[in-house]
Structure formats: C-alpha cells, structure tokens
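First comes the structure, then the notes that go with it.
The values are calculated or read from the model by the stated rules, or taken from the named source; none is laboratory data. Just so we're clear, the structure is a prediction, and the values are computed from it rather than from any experiment. Virtual Cβ from ideal backbone geometry, glycine too; neighbours counted across all protein chains shown.
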C-alpha cells in the first residue's frame with residue numbers, strides 16, 4: 001500500500017494543532033458553531049449531539065434499568081470549584097460520585113449548564129419533538145474502569161456518559177441556589193470561587209427510571225463522538241430570577257475587556273439524527289411505534305444464522321432483525337383478490353422483501369451529504385480511509401477489507417448490545433462459513449431484495465461507528481476527512 005500523500009497528513013496535523021492550542025470558538029459570529037468544523041473536523045462529522053428527540057427515532061427498550069448513582073449527597077466541608085470558562089459555568093465534582101447502573105463504572109467529573117437569554121427563555125440543547133426548554137444541565141462522567149483520567153477518556157468511543165437534565169422556568173429551586181448564589185464571583189471568564197458541597201442528587205428529576213438513551217458527541221469543540229447520552233424525560237424548574245442570574249449577569253470575556261461580551265444563548269443547535277435509534281425506558285406518552293428486539297432473541301437469531309435452519313429463519317424469523325413494528329411495508333396493502341396465486345417461493349421472497357424494507361429515518365442527513373437516494377451514508381471511518389486513499393491514488397483494498405471484516409464485526413457487537421439493526425453485509429459475513437444450498441438461497445434472496453429496491457434504504461445499523469454501507473461501490477465522500485481518535489483532547493466541556 002502506498003504511503004499517504006502530504007495533503008491528508010497536513011490536514012491531520014492542523015487539526016491536532018487546533019485542539020492543542022485551543023482554537024477560538026463561539027456560539028455565533030465568525031467563530032460560531034457553523035464554522036466549528038474548520039478547526040475541529042469532528043464537529044462536521046456524523047453522530048453529533050444534541051438532537052431532537054422526536055417520536056420517529058424512539059424505540060422502547062424493556063431492558064433499560066433505572067439510573068443508579070452513588071455518593072451524590074456531598075457534605076458542606078467538601079469544597080467544590082465553580083468557574084466561568086467563557087462558554088458556560090462549570091462545577092467540579094469529586095471522584096467518589098459515580099453511575100453504578102452501567103456495565104462499567106462512570107466517575108463524575110463536572111457539571112455545567114446551557115441556557116438562553118433574558119429575552120428568550122429557550123436555551124436547552126436537546127429538544128423533545130421540537131420543544132426547546134429554557135436551559136439544560138449536563139453531569140459529565142468518564143469510564144474510570146478503562147481510563148485513568150477524564151482527558152484520557154474524552155475521545156474514546158466508550159469514554160463518557162453524560163446525564164442531561166432539561167430545565168424550565170417555574171418554581172424556585174433550592175438545590176440550584178446552592179451554587180447560583182455564588183454566581184457574582186464568576187461574572188467574567190476564568191474567574192473561580194469555592195462552593196460548599198451539597199446534595200447533587202437534588203439537581204436531578206425525582207424519577208431516574210424514565211429517560212432517553214443514545215450514542216452521541218460532545219456538544220462543544222472538539223465534538224468527539226464519545227458520549228453515551230442519558231436525557232431524563234422529566235424536567236426540573238428554576239425560578240425566573242434564577243434563570244436571569246445565568247442569562248443576564250455573566251460575561252464570556254475577561255474582566256479587563258473594555259467591551260464585555262455577554263454569556264448567553266450558549267447552546268448548540270440540534271444536529272442530524274444520522275439514522276440513530278434513541279432507546280427509551282418508558283412507553284406511555286412517547287409516541288413509540290414498537291420495541292427493541294430483546295437481547296436473547298438477537299442471540300438466537302445469530303445462532304441460527306451460524307448453525308441453525310436457515311429456511312426456518314427466512315420463513316419465520318427474519319423480520320426479527322428489525323425492531324418490532326418496522327417490518328411492515330409502508331404504503332398501500334396488496335389487494336389479494338386481484339393478484340395471481342403466489343407460489344411458496346414467491347411468498348417466501350415477499351416475506352424477505354418485507355423484512356428488509358424499512359422507512360429511512362435520515363432523509364435530511366442523506367440529502368445534506370449529497371448522496372443518491374439509493375445509497376447509504378458512509379460511516380466516518382470509511383469516509384476518512386476512502387478520502388485519503390483517493391488523494392494518494394491508491395486502490396481500495398483497505399476500504400474493501402474494512403467493509404468485509406471490520407464493519408460486520410462492529411455491527412454484530414452493536415446488534416447484540418441492542419444498539420442497532422443487523423446489516424446486510426453482516427448477514428453475508430456470517431453466512432460465508434456455511435456453503436450450503438440454504439445459505440446460498442438466503443444470500444441470493446437478500447441480494448435480490450436489496451437490489452430491487454430503488455428508493456428505500458436497506459437495513460441501517462447505527463452505532464458510534466456510523467451507518468454501515470450496503471452499496472457495493474464506494475461513493476465519493478462529500479465531507480472532510482476526520483482526525484484519528486487518538487488525537488490528544490485539550491479544550492472541551494461536555
């Protein structure tokens with residue numbers, strides 16, 4: 001394989017230097033969020049946060065447990081640091097605080113807020129069916145089982161877990177007052193004050209069992225896609241006076257500046273959903289269309305693909321590869337009276353067609369990338385590799401190897417973890433070791449069903465790694481190459 005050309009290396013170096021030296025960024029103006037990707041390419045990549053938590057993305061997952069947190073009730077003699085970093089106010093948290101209900105231990109590091117302005121009581125980052133709340137609090141945790149420090153975890157795919165709390169203006173909140181009463185000491189950038197410890201649990205909603213869960217990113221540069229998001233369904237309130245303490249009394253500039261810049265409207269706008277499925281722990285009032293297939297069922301399906309009766313899977317079980325409720329074809333039902341009698345083979349083929357077809361959830365993101373309707377968005381990893389190879393005039397062996405081996409392995413793990421659907425290339429990869437007539441028939445049926453579809457996208461698995469491609473020929477990426485995940489994280493907040 002040829003070496004990479006000078007251009008992508010320079011691009012990666014520039015990105016590294018931007019992060020290293022903390023390139024200036026703001027929420028509006030010439031350094032605003034529309035230009036973040038110029039210095040922080042991940043900000044223009046896939047699987048960014050926040051998103052609009054709309055009904056079409058939601059899938060009920062009965063296996064989601066209530067959030068369990070430990071050591072959140074701090075004593076007054078445990079001093080916390082409250083600071084103004086020019087983008088938000090941030091409260092340090094002791095390492096004894098952690099989330100205990102996830103597969104690994106996530107240790108608390110800090111919490112911070114995003115808000116609107118005195119004239120606009122809308123400043124939350126996540127929205128719920130397009131409803132924007134007055135503010136939003138993020139409690140940031142890092143995976144301390146795998147990474148020794150926050151800075152080591154911040155750019156890893158499993159590095160962070162953030163609890164998101166939506167805030168509305170209403171009743172006075174005594175818990176928030178525990179640190180908001182010190183806000184006059186941090187009016188300007190880089191100012192800090194000490195705050196006595198208090199019960200951080202009281203900042204969260206009363207119910208910790210109802211929430212939205214999805215894979216996303218930091219909502220500030222460098223926008224690493226490293227966050228397991230938990231956004232609570234129920235909001236909390238603060239009084240108008242408490243809200244104005246945030247929106248009207250802080251500055252993003254230094255105390256020495258002759259023209260202080262107000263610190264408000266410090267929220268990122270919703271990003272494309274990129275076909276992500278948002279798991280929810282509640283059913284009532286969520287507008288859900290179905291549920292996520294259980295982990296046990298998924299294991300059985302994979303086991304059947306490996307050693308079971310493929311004919312039975314094709315006849316009875318293939319629809320389970322998709323979340324329940326999504327296996328039906330959209331559009332008008334067949335008028336069976338006007339149709340010819342179907343042979344068993346034709347009926348079997350139509351069941352396969354029905355199981356594979358799924359309405360796209362990413363019309364906006366596909367259009368933004370400029371891809372043809374029948375193509376899928378390529379995942380960021382493949383985009384980077386393909387772009388670099390194209391620039392260096394190399395062949396596509398590595399891209400093909402990633403598609404044939406790496407992507408199916410990642411998708412299979414994601415599928416078994418109930419984070420995505422099972423991709424067509426992954427099914428092919430599993431069937432590759434079964435050179436039987438049934439395997440060939442199922443492979444042929446899946447191929448034919450996929451190739452016949454003209455406007456509908458195929459099964460689209462979604463993970464932090466992106467949407468797995470099913471198109472045979474790589475399309476030219478329309479987005480810039482992204483830096484490698486091992487770039488050192490420097491400036492970040494979420």
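For the range 194-219, the set of residues classified as in contact with a helix residue (DSSP H, G or I) (Cβ under 8 Å, 6 or more places away or on another chain), surrounded by fewer than 16 Cβ atoms within 10 Å (Cβ to Cβ) and either in a strand (DSSP E or B) or at positive phi (or both) consists of 199 only.
For the range 95-108, the set of residues classified as under 15 Å from residue 73 (Cα atoms) and surrounded by 16 or more Cβ atoms within 10 Å (Cβ to Cβ) consists of 97, 98, 99, 107, 108, listed by residue number. Taking (1) in contact with a helix residue (DSSP H, G or I) (Cβ under 9 Å, 6 or more places away or on another chain); (2) surrounded by fewer than 21 Cβ atoms within 10 Å (Cβ to Cβ); (3) modelled with pLDDT of 95 or more in turn, residue 111 satisfies each apart from (2).
Kindly indicate whether residue 197 is in the same structural domain as residue 268 (by TED's automatic domain parsing), over 31 Å from the mean Cα position of the chain (by Cα) and under 28 Å from residue 102 (Cα atoms).
Values: in the same structural domain as residue 268 (by TED's automatic domain parsing): yes; over 31 Å from the mean Cα position of the chain (by Cα): yes; under 28 Å from residue 102 (Cα atoms): yes.
Yes: the conditions hold for residue 197.
Under 24 Å from residue 52 (Cα atoms), in a loop (DSSP other than H, G, I, E, B) and out of contact with any strand residue (DSSP E or B) (no Cβ under 9 Å at 6 or more places or on another chain) - does that describe any residue in the range 167-186? No, the range 167-186 has no match at all. Can you confirm whether the range 145-157 contains a residue that is farther than 18 Å from residue 100 by Cα and buried (at least 23 other Cβ atoms within 10 Å of the Cβ)? Looking for residues that are farther than 18 Å from residue 100 by Cα and buried (at least 23 other Cβ atoms within 10 Å of the Cβ), one finds at least one in the range 145-157, hence yes. Taken as a whole, the structure places residue 131 among residues that are assigned by TED's automatic domain parsing to the domain that holds residue 106, under 21 Å from residue 240 (Cβ atoms) and out of contact with any helix residue (DSSP H, G or I) (no Cβ under 7 Å at 6 or more places or on another chain). Residues in the range 398-420 that are at pLDDT 70 or above and crowded, with 19+ Cβ neighbours inside 10 Å: 7 in all. For the range 240-267, the tally of residues that are within 30 Å of residue 68 (Cβ to Cβ) and outside any helix (DSSP H, G or I) stands at 1. Screening residue 282 against (1) surrounded by fewer than 19 Cβ atoms within 10 Å (Cβ to Cβ); (2) within 30 Å of residue 26 (Cα to Cα); (3) modelled with pLDDT of 90 or more leaves a single unmet condition, (2). Looking at the range 60-68, can you tell me whether even one residue there is touching a helix residue (DSSP H, G or I) at 6+ places or on another chain (Cβ under 7 Å) and within 27 Å of residue 281 (Cβ to Cβ)? Within the range 60-68 (the criterion being touching a helix residue (DSSP H, G or I) at 6+ places or on another chain (Cβ under 7 Å) and within 27 Å of residue 281 (Cβ to Cβ)), the answer is yes, since at least one residue qualifies. Taking the numbered list (1) in a strand (DSSP E or B); (2) at positive phi in turn, residue 86 passes all entries but (1). Which condition breaks for residue 287 when tested against (1) modelled with pLDDT of 80 or more; (2) part of a loop (DSSP other than H, G, I, E, B)? Only one criterion is unmet by residue 287, namely (1). Taken together, 236, 261, 231 contain a single residue that is touching a strand residue (DSSP E or B) at 6+ places or on another chain (Cβ under 9 Å), free of Cβ contacts under 8 Å to residues at least 24 places away in the same chain and in the same structural domain as residue 118 (by TED's automatic domain parsing), which is 261. Listed by first and then second residue, the pairs linking a residue in the range 287-313 that is closer than 17 Å to residue 412 by Cβ to a residue that is outside any helix (DSSP H, G or I) and modelled with pLDDT under 70, with Cβ atoms under 6 Å apart and 6 or more places separating them unless they lie on different chains, are 292/323; 292/418; 295/418.
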